[in-house]
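Peer 1: Right, I'll just put the structure down here and ask away after.
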Amino acid sequence: MSSVVSKPDPSPAESLLLDVADVLATSLDLDTTLRRVAEVVRKVINYEIFAILLLNEKTQEMRFRFQIGYPPEFAERTRVKVGEGVTGLAAQLREPVLIDDVREDSRYIEAIPNVCSELAIPLITKNRVIGVIDIEAREPRYFTEEHQRLLTLVASRMAAGIENAQLYTRTTKQARILLLLNEIARELTSILNLDELLGRIAELVRRLIDYQMFSILLLDPSGQKLQHRFALRFNENIQLKHEIPMGRGLVGYAAESKESVLVPDVTKDPRYVEANPETRSELVVPLVYKSKVVGVLDLEHTRRGFFTDEHKRTMTTLAAQIAIAIENARLYEEIERQERRLERDLSLARELQSRLLPQTNPRLAHLDVAAKFVPARTIGGDLYDFIPYSMSRLGIVIGDVSGKGAPAAIYAALVSGIIRSHAPIEPAPGEMLSAVNLSLAERRIEAQFVSIIYALWDDAQRILTVSNSGLPRPIFVHDGKNEVIEATGLPLGLFDEAEYDEFQFRMKPGDMFVFFSDGILDARNGNGELFGRGRTERVVAGCADKSASCVVDSIFNAVAEHAAGVEAFDDQTVVAIRVRGSSSHKKK
């Protein structure tokens with residue numbers, strides 16, 4: 001005959017800990033965790049007033065993260081310093097504080113009338129105080145030693161759970177912000193009207209920060225004053241005419257120092273110059289493009305301490321993309337105005353385009369680089385660029401826009417801006433072409449597209465990775481022989497999505513790559529004969545043991561001789577790279 005031994009019912013403490021453990025194991029959302037813990041605590045302590053305050057380690061202040069029974073405005077604005085009041089004392093002592101009658105204790109900070117008893121328990125994890133659980137009651141001596149013991153047990157389990165939930169919340173929020181930043185950057189680079197762009201910036205920034213006042217100021221041509229270009233006050237557009245000298249006020253300081261400025265309380269900052277009497281906190285972020293300040297973003301709020309370090313980091317990251325977008329829009333407007341002028345003014349546009357191209361060739365330990373661009377008209381649609389990556393790597397761009405003249409030049413400027421906007425994340429060649437294609441497809445311009453070769457040179461490894469989206473196949477010279485690389489692909493801007501193959505080459509001293517646009521192959525003589533690939537390959541072969549600049553100059557000289565007396569039909573661009581050092585191959 002067997003007997004059944006029943007387990008004893010769990011004690012209140014054991015039951016409470018099991019409930020808390022269940023809460024912490026089933027949710028990583030901080031708000032849900034705090035709310036459910038409050039419900040569990042109510043099972044053993046029938047409270048009316050309850051709060052969980054979390055500590056900001058940097059400021060050593062605690063703020064209400066969850067509360068029941070407090071006036072919402074009090075909980076929203078109150079910050080409790082460590083050592084201040086009953087909760088601050090619990091955080092400072094790192095041990096529970098039980099007050100039988102707060103009316104007899106000078107440390108008590110009154111928030112709710114007629115409170116008598118208070119029990120504060122610190123939340124400690126990994127030997128760090130992260131906050132305090134606080135319970136208040138209207139009856140004297142309401143809380144007992146047993147309440148203190150039970151709440152201390154809850155706090156011991158709860159602290160680690162809160163920290164995990166905070167980490168999860170931060171990680172999730174950062175992931176959302178990164179996705180949003182990428183989406184915003186992609187959209188901004190597609191807007192070429194400056195006024196439309198500035199308005200859209202204001203809309204998109206609000207998705208990140210719920211500001212009340214917002215301004216964009218751009219640096220004037222003299223570089224001495226910031227001019228209001230766009231402003232919102234409580235969701236209404238306003239026109240501000242005054243200018244701010246560089247270095248004056250928070251806005252001028254941010255522009256002059258090229259540093260973001262976060263001020264929790266403007267009334268306590270001597271740099272602040274009052275423009276809006278309602279303003280209490282302000283965040284100013286400089287817009288920097290190619291190491292030069294082009295303007296600032298100014299965000300303001302009527303609440304002290306509204307803007308956070310996270311806001312500052314987010315806006316500083318976004319500001320780089322905004323600066324590029326503004327410069328793209330400014331450039332587009334400038335070129336558009338030039339197209340409407342008389343032919344004599346196109347010389348200015350040609351000068352502008354030349355300044356968009358690299359002013360000098362990059363200098364690398366193992367690579368000799370040369371490039372040349374000659375437009376068929378005053379301005380043209382070919383482009384090339386050199387984009388420095390980290391770890392001694394270099395992005396090499398050569399492109400050919402459909403069409404000729406000013407429209408092609410404007411489109412080329414747009415493409416250059418898009419490439420530069422994606423460059424900070426250092427994409428592989430195939431990824432870069434796909435990203436540019438997507439950006440162009442989002443704002444498709446009828447009958448406009450571009451063919452690009454994007455190559456990535458690793459100077460330390462002497463490895464070249466190449467992707468092509470429709471340019472003529474490049475020539476690879478190694479061991480003294482020419483090899484045509486079968487790299488092809490769809491032009492950019494025609495289809496919504498496209499993928500591009502990558503070809504990788506480990507190069508030796510003396511090896512050389514030559515990239516060129518259609519204008520080289522399509523150059524015609526008086527008889528209508530094309531210069532063609534065969535002539536191009538023979539010129540390259542003749543320079544196999546010479547410098548990159550020799551190859552570039554020889555190709556242009558040969559094309560000019562072939563097409564003498566015939567007006568060029570297409571823009572012509574050549575980029576050549578040669579690995580420094582002598583080739584082991586010797587001609588016989």
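Rule-based calculations on the coordinates, nothing more; no lab input. Just so it is clear, the model here is predicted, and its values are computed rather than measured. All Cβ positions, even for glycine, are placed from backbone atoms using ideal geometry, and neighbour counts span all protein chains on display.
Peer 1: Work out how much length Asn237 to Thr32 would gain on full extension: take 0.36 nm times their residue separation and subtract the Cα-Cα distance, in nm to one decimal.
Peer 2: On the way: separation 205, 0.36 × 205 = 73.80 nm, distance 3.87 nm.
Gain on stretching Asn237 to Thr32: 69.9 nm.
Peer 1: Would you work out which of His242, Tyr384, His311 lies farthest towards the positive end of the dipole of the chain? Charges go on Cβ: Lys and Arg +1, Asp and Glu -1.
Peer 2: Result: Tyr384.
Peer 1: Could you give me D for segment 12-170, from Stokes-Einstein at 10 °C and 1.306 mPa s, where the hydrodynamic radius is the Kirkwood radius over C-alpha pairs? Units µm² s⁻¹, please. Mind dumping the intermediate values first?
Peer 2: Details: Rh = 15.5 Å.
Calculated translational D: 102 µm²/s.
Peer 1: Taking amide H positions as placed in the peptide plane 1.01 Å from N, state which residues far from Gly83 in sequence (5 or more) or on other chains have amide H under 5 Å from it.
Peer 2: HN-HN under 5 Å from Gly83: Gly88, Leu89, Ala91, Gln92.
Peer 1: Right, something else. Assuming R0 = 60 Å, what is the FRET efficiency of Arg138 and Lys290, from their Cβ-Cβ distance, to the nearest 0.05? List each step's numbers first, then the result.
Peer 2: Numbers: r = 65 Å, r/R0 = 1.08.
Step by step, r from the Cβ atoms, then E = 0.40.
Peer 1: Right, something else. Taking only C-alpha pairs under 8 Å that are 6+ residues apart, what is the relative contact order of the chain in percent? Display every interim value, and only then the final one.
Peer 2: Details: 1161 pairs, mean separation 51.2, N = 588.
Reported as a whole number, the value is 9 percent.
Peer 1: For Ile425 and Phe495, FRET efficiency with R0 = 30 Å and r from the beta-carbon atoms, rounded to 0.05?
Peer 2: Numbers: r = 23 Å, r/R0 = 0.76.
After rounding, the FRET efficiency stands at 0.85.
Peer 1: Percent relative contact order of segment 189-331, based on C-alpha pairs within less than 8 angstrom and at least six residues apart?
Peer 2: Details: 276 pairs, mean separation 36.9, N = 143.
The normalised contact order for segment 189-331 reaches 26 percent.
Peer 1: So what is the calculated 222 nm ellipticity per residue for the chain, using -39500 (n - 2.57) for each DSSP H run with n of 4 or more, over all residues, to the nearest 500 deg cm²/dmol? Spell out each step's value before the answer.
Peer 2: Working: 14 runs with 213 residues, N = 588.
It lands at -12000 deg cm²/dmol.
Peer 1: Using +1 at the C-beta of Lys and Arg and -1 at the C-beta of Asp and Glu, which of Leu34, Phe449, Leu179 has the Cα lying farthest in the positive direction of the dipole of the chain?
Peer 2: Phe449
Peer 1: Placing unit charges on C-beta atoms (Lys and Arg positive, Asp and Glu negative, everything else neutral), compute the dipole magnitude of the chain about its Cα centre in debye, rounded to 20. List each step's numbers first, then the result.
Peer 2: On the way: 72 positive and 83 negative charges, 329 e Å.
With only Lys, Arg, Asp and Glu charged at Cβ, the dipole is about 1580 debye.
Peer 1: If packing is taken as the average count of other Cβ atoms within 10 Å, what order do 68-81, 315-328, 88-101, 191-204 fall into, highest mean first?
Peer 2: So the order, starting with the most tightly packed, is 315-328, 88-101, 191-204, 68-81.
Peer 1: From the cross-link list Lys126/Lys312; Lys43/Lys81; Lys81/Lys268; Lys225/Lys290; Lys372/Lys404; Lys241/Lys292, which pairs have alpha carbons spaced over 21 Å apart?
Peer 2: On the way: Lys126/Lys312 29 Å; Lys43/Lys81 30 Å; Lys81/Lys268 19 Å; Lys225/Lys290 19 Å; Lys372/Lys404 18 Å; Lys241/Lys292 24 Å.
Check vs 21 Å cut-off fails for Lys126/Lys312; Lys43/Lys81; Lys241/Lys292.
Peer 1: Which whole-number percent of Cα pairs in segment 358-579 have a distance greater than 22 Å?
Peer 2: Values: 11734 of 24531 pairs.
Across segment 358-579, Cα pairs with separations above 22 Å total 48 percent.
Peer 1: Same structure again: For segment 189-331, with equal point scatterers placed on the C-alpha atoms only and solvent neglected, what are the log10 I(q)/I(0) values from the Debye formula at q = 0.13, 0.16, 0.19 1/Å, to two decimals?
Peer 2: -0.49, -0.77, -1.15
Peer 1: Rank Val540, Phe556, Gly581 by how far each Cα sits towards the positive end of the charge dipole of segment 493-588 (+1 on Lys, Arg Cβ; -1 on Asp, Glu Cβ) and give me just the farthest.
Peer 2: It is Gly581, whose Cα lies furthest towards the positive end.
Peer 1: If you find the alpha carbon centre of segment 479-554 and of segment 32-55, how far apart are they in angstrom?
Peer 2: 71 Å
Peer 1: Something else about it: So between Glu259 and Gln92, what do we pick up on full extension, going 0.36 nm a residue minus the alpha carbon distance?
Peer 2: Numbers: separation 167, 0.36 × 167 = 60.12 nm, distance 3.51 nm.
The span from Glu259 to Gln92 would gain 56.6 nm if fully extended.
Peer 1: If you don't mind, another one. Once you have the Cα-Cα distance between Thr317 and Ala160, take 0.36 nm times their residue separation minus that, and quote the gain in nm to one decimal.
Peer 2: On the way: separation 157, 0.36 × 157 = 56.52 nm, distance 3.14 nm.
Result: 53.4 nm gained on full extension.
Peer 1: By the gyration tensor of its Cα atoms, with a ≥ b ≥ c the square roots of the eigenvalues, what is the shape of the chain: rounded for a/c under 1.5, prolate for a/b over b/c, or oblate?
Peer 2: Numbers: a/c = 3.49, a/b = 2.12, b/c = 1.64.
In terms of gyration-tensor shape, prolate.
Peer 1: Here is a follow-up. Convert each backbone phi in segment 531-547 into a coupling constant with the Karplus relation 6.51 cos²θ - 1.76 cosθ + 1.60 (shift: θ = phi - 60°), then list the ³J(HN,Hα) values in order as whole Hz, x for Gly and Pro.
Peer 2: Couplings: 5, x, 6, x, 5, 4, 5, 5, 5, 4, 4, x, 10, 4, 9, 10, 6 Hz.
Peer 1: Using each residue's phi in segment 229-241, evaluate 6.51 cos²θ - 1.76 cosθ + 1.60 at θ = phi - 60° and report the 3J(HN,Hα) Karplus result to the nearest Hz, with x for Gly and Pro.
Peer 2: 10, 7, 8, 10, 10, 6, 6, 10, 5, 9, 9, 10, 9
Peer 1: Given an 8 Å cut-off on Cα distances and at least 6 residues of separation, report the relative contact order of segment 358-579 as a percent.
Peer 2: Values: 506 pairs, mean separation 55.9, N = 222.
Relative contact order here is 25 percent.
Peer 1: Stick to the Cα atoms of segment 117-168, pair each with every other, and give me the Kirkwood hydrodynamic radius in Å at one decimal.
Peer 2: On the way: mean 1/r = 0.0851 Å⁻¹.
About 11.7 Å for segment 117-168.
Peer 1: At 7 Å along Cα-to-Cβ for each site, give me the label-to-label distance between Asn46 and Asp195 in nm.
Peer 2: Spacing of the two 7 Å Cα→Cβ label points: 6.8 nm.
Peer 1: FRET efficiency for Asp210 and Asn482, Cβ-Cβ distance as r, R0 = 60 Å, nearest 0.05? Walk me through the numbers on the way to the answer.
Peer 2: On the way: r = 61 Å, r/R0 = 1.02.
That gives a FRET efficiency of 0.45.
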